[in-house]
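Structure first, then comments.
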Amino acid sequence: MPVLSPTWTDERIELLKQHFEAGLSCREIAADIGVSRNAVIGKLSRLNLTRSRAVEHRRLERSLAPPARARRAVPRLQYEMLATIYGESDAPAVAGPIDDANRCSLLELSENRCRWPISSPGEDDFCFCGNTAPDGQPYCTGHSRLAYRPNSRARVMRG
């Protein structure tokens, strides 16, 4: 039977205290010492070491701050659909009224009909737009303008 070494040696406990006083997070302390985060939390509790309210408050403020916005690439199919709808010019397309005479139920939908939902599922007046949709697109031209709005920065960058 192998002899197991203790998790918390005097050296590790001293490192734990130093890192804790330096303000490192439990995850950072655990990575440096070589134990699990839960082991660090448990040992801090047993040693009666607690963070001041100011440190907790700063962490709370950081966690509530909005995350940095990541850039998303526009998928090629979406770009092609936007180019079809808006054309290659930078002039904004004027969306006319969407015809509501062709509304249909789920059972009446076919490949070339607009699948834009009207109302909420389960309501008595729930239906789909039903207007003619261009080949391979799920929505009619009017609803495509609503669903696939180009990013204004992308339009500016395209020039």
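A few remarks follow.
- Counting 0.36 nm for each residue step from LEU107 to LEU146 and taking away their Cα separation leaves a gain of 11.6 nm.
- Between ARG51 and ASP32, residue separation times 0.36 nm minus the direct Cα-Cα distance comes to 4.9 nm.
Each value in this text was obtained by applying a stated rule to the coordinates, not by laboratory testing. Predicted, not measured: the structure shown is a model, and the values here were computed from it.
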